[in-house]
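Just so you know, all these numbers are worked out from the coordinates, no wet-lab data involved. None of these values were measured; they are calculated from a predicted model. Virtual Cβ from ideal backbone geometry, glycine too; neighbours counted across all protein chains shown.
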């Protein structure tokens with residue numbers, strides 16, 4: 001009975017599969033990606049693949065239960081290299097990979113520089129493929145949040161910046177655990193994990 | 001064990017709870033809302049509440065597993081009456097209702113009139129509350145889709161317009177069945193329900 | 001005195017310079033682009049360049065007073081080939097070409113398919129370069145408008161679809177005439193040109 | 001001859017008319033608005049009105065050549081009180097006030113909290129009315145910009161935060177000077193005013 005699929009995956013130790021897929025030129029978004037991957041590993045049993053668009057293939061997207069998609073903010077939206085991945089490699093998978101979980105992250109040149117708009121565009125790409133996308137109500141520090149994805153100016157340096165990236169990956173792994181594997185104990189509302197600095 | 005919660009809800013006949021929440025002045029969005037609700041009922045065992053923002057309360061949002069949020073496109077974005085509901089009634093629930101499913105619909109004055117932007121703004125509101133939001137790769141007719149929510153010019157009249165609204169409600173009920181109740185047989189990729197006109 | 005620059009350009013017959021810059025794979029957006037260019041020519045004295053991203057260079061963008069930017073809607077946003085133009089060719093011009101006028105157009109696979117979101121992303125790119133961007137309150141037919149750019153499903157066929165493209169180019173040439181050349185008689189509010197079907 | 005209208009306004013000392021229109025509950029956006037107004041006054045001859053939505057009327061919007069629109073980020077987008085102003089008071093002016101200049105600002109609860117999305121929604125409202133909207137390539141400090149409007153977390157305190165607000169108002173007044181009054185000497189590319197910290 002399909003309803004027990006999640007439970008079976010749990011017993012077999014083959015659980016949530018997370019892909020952190022990014023493009024990076026300066027290295028800033030790559031550093032964010034590594035932290036996002038680190039955060040996903042906070043949820044026990046999660047398998048994580050960290051891939052640049054140059055390394056990744058269609059099979060990585062098909063494989064995952066959830067994806068964190070990261071691009072630098074270039075001219076206010078997604079870098080062409082990231083878009084190329086979806087325009088060129090993914091069309092054959094369109095309409096065949098619905099229902100995966102998805103979220104976004106972006107490094108911008110400065111605060112107010114368009115990273116929120118870039119995250120929204122990344123989410124739009126994911127929605128186009130039928131993914132369920134989300135942001136986080138969580139605050140990782142005073143006046144520091146990731147409501148529509150993790151956004152930074154430059155690279156992650158301060159603790160709150162690192163935590164924003166990690167929290168994104170953590171939440172992705174949590175939602176995969178809850179929605180795909182039926183692990184209700186991982187639900188952020190009841191797991192007891194810290195969500196707010198207050 | 002929490003993983004069987006969905007199965008238990010299934011056996012007890014208390015399954016997916018869907019809220020169709022809308023504001024309408026001309027009546028166009030209200031007609032869309034009725035069709036969205038009708039579509040949600042396509043999935044067996046789904047309980048549907050159809051409410052205007054004047055009728056609905058916090059308890060309706062708390063009650064639901066999934067929400068379809070509808071507003072006319074007014075000046076390119078959400079009507080103030082819909083926004084008022086979330087700004088005034090919902091703040092106390094913020095951070096306490098994460099993980100529900102969400103989608104959007106909007107009636108605009110004309111094609112090209114901003115209904116996609118309005119759906120995106122409605123999804124942003126839902127994401128702010130930690131909801132998992134989605135659009136549909138499905139086409140309901142030649143050159144007619146609802147990739148980022150159901151959008152119309154005026155009221156639903158043509159068959160494809162009615163079906164766009166219903167398909168939105170149907171998919172919402174499907175994702176609730178899959179993600180909340182663990183009913184894998186309802187997954188749009190394997191349920192056998194028609195998704196494309198070709 | 002610089003305030004007379006527009007008047008001088010007028011007397012010398014060297015007036016509004018419009019660039020219609022597009023990418024097209026199927027040919028749909030190319031057909032839209034041709035109509036946009038045609039519309040720009042409605043304003044006397046306007047010089048129009050129609051260029052694909054493969055043909056265009058930095059000098060075309062630098063040359064123009066106003067730009068109409070067109071891309072197919074691919075996976076809900078700008079095609080990578082269009083983004084590549086701005087990411088690769090244009091960075092050296094960033095911060096040096098502020099104040100040009102800009103607008104957008106897009107062909108999508110179906111109504112509700114993301115063309116409004118694509119126009120918004122194109123406008124974001126233009127805003128990043130300091131351009132003044134706009135949409136049109138105009139309706140070109142009953143329930144057919146281009147509030148945030150000209151959007152179609154497929155290619156322009158119906159009269160209202162052709163007119164949406166042309167009206168976009170026309171308005172661009174009008175705003176260039178008004179804002180750059182000081183030709184107040186071209187202002188859409190007082191020019192007497194038809195804006196609404198009623 | 002209409003082309004000299006700007007020059008005449010200049011000679012008569014009746015130049016750029018700027019409206020800073022805001023809603024504020026906590027006071028943060030009101031403080032931003034005051035700085036935006038201050039920045040607009042940097043351009044000689046500019047007349048500035050600073051109004052909350054409760055104080056402002058249709059006549060203020062009709063009066064202005066350019067508008068800076070400010071709202072707190074509430075649930076990821078424009079506060080209902082600001083939207084109400086446009087939905088309730090402004091519809092009769094729709095289609096009659098095209099071509100004014102417009103920009104946006106927003107105070108959010110934390111960085112990454114949706115202020116860019118709110119600015120974009122405010123710009124969408126302005127575009128719906130036919131306004132020419134813009135952001136600023138300028139950086140006001142290292143890693144601090146206002147590419148799509150001025151965004152802050154909380155109230156303006158640091159020098160860069162105050163300057164972001166003022167620069168927005170300044171640029172609005174500059175574009176009004178250039179586009180409406182034909183004062184080419186005020187063009188940001190040639191005025192000699194500082195745009196970047198480097």
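Quick notes on this one:
- Of all DSSP beta bridges in the range A:16-184, antiparallel share, percent nearest 5: 20
- Our note on the geometry: Cα centres of the range B:79-124 and the range A:136-151, 20 Å apart.
- Over the protein assembly as shown, equivalent-ellipsoid semi-axes from the Cα gyration tensor in Å: 42, 27, 25
- Choice from D:87, D:60, D:138 showing the highest fluctuation, given a GNM over chain D with Cα pairs closer than 10 Å: D:87
- Distance between the modelled labels on residue D:198 and residue A:26, one decimal in nanometres: 0.9 nm (7 Å Cα→Cβ projection).
- Label-point spacing at residue A:142 relative to the other copies reads 2.3, 6.1, 6.3 nm, in ascending order, each point sitting 7 Å out from Cα along Cα→Cβ.
- Identity and axial distance of the chain C residue whose Cβ lies nearest the axis relating C to B, Å: C:116, 2
- Mean projected area (nm²) of the alpha-carbon convex hull when the range A:99-173 is viewed from all directions: 4.6
- Between B:29, B:124, B:151, the Gaussian network model of chain B with springs among Cα atoms under 10 angstrom shows the greatest mean-square fluctuation at B:124.
- Taking label positions 7 Å along the Cα-Cβ direction at both residue C:157 and residue D:143, the computed distance is 5.3 nm, reported to one decimal.
- Max mean-square fluctuation residue, GNM over chain D, Cα-Cα springs under 10 Å, options D:101, D:132, D:172: D:132
- For residue B:45, the label point sits 7 Å beyond Cα toward Cβ; its separations from the matching points on the remaining copies run 2.1, 7.2, 7.3 nm, from shortest to longest.
- Teacher prompt: residue A:91 distances to equivalent labels in other copies, 7 Å Cα→Cβ, nm: 2.8, 4.4, 4.9
- Bridge orientation summary for the protein assembly as shown: considering DSSP beta bridges with both residues in this region, about 20 percent are antiparallel.
- Two-decimal Rg/Rh across the range A:137-198, once Rg and the Kirkwood Rh are taken from alpha-carbon atoms: 1.00
- Once the Cβ-Cβ distance of residue B:187 and residue B:59 is raised to the sixth power relative to R0 = 41 Å, the FRET efficiency obtained is 0.85.
- DSSP-defined antiparallel bridges as percent of all bridges, the range D:92-191, nearest 5: 30
- Relative intensity of the range A:16-184 on a log10 scale, I(q)/I(0) at q = 0.12, 0.17 Å⁻¹, equals -0.44, -0.93, per a Debye sum over C-alpha point scatterers of equal strength in the absence of solvent.
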